[in-house]
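First up is the structure itself, then whatever we jot down about it.
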Amino acid sequence: MALIVDRSEDRTEQTESTDTATTLEPEPERRRIDVTDLHAAGIEEFVESNVDTEFVSLEHRGTRTYLVLED
């Protein structure tokens, strides 16, 4: 089974306040791995054997589910 990896770009957002415009810190780069076709036990096993961080989360985008790796 092929897993799809999507790298999100660092983003700098600008928000307006009543006094001044503020630039937020860029978000850290995060890898997303498409795990839509894996069962929950399969995701846990995948993380334990293939990922070098324990800081992960799941993200739903439309009909797809991604494992998000926090660097």
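The values are calculated or read from the model by the stated rules, or taken from the named source; none is laboratory data. Quick caveat: nothing in here was measured; it's all calculated off a predicted structure. Using ideal geometry, Cβ is built from the backbone for each residue, glycine included, and neighbour counts are taken over all protein chains shown.
Of all residues in region 25-68, those being on the phi > 0 side of the Ramachandran plot and among the acidic types (Asp, Glu) number 0.
Screening Glu27, Glu13, Glu9, Glu44 for residues that are of a type in the set (Asp, Glu) and modelled with pLDDT of 70 or more leaves exactly one candidate, Glu44. Sub-9 Å Cβ pairs linking a first residue in region 42-56 that is surrounded by 14 or more Cβ atoms within 10 Å (Cβ to Cβ) to a second residue that is polar (S, T, N, Q), at least 6 apart or interchain, are Ile43/Thr65; Val47/Thr53, ordered by first then second residue. Considering (1) under 15 Å from the mean Cα position of the chain (by Cα); (2) at pLDDT 90 or above, the lone condition that Asp37 does not fulfil carries the number (1).
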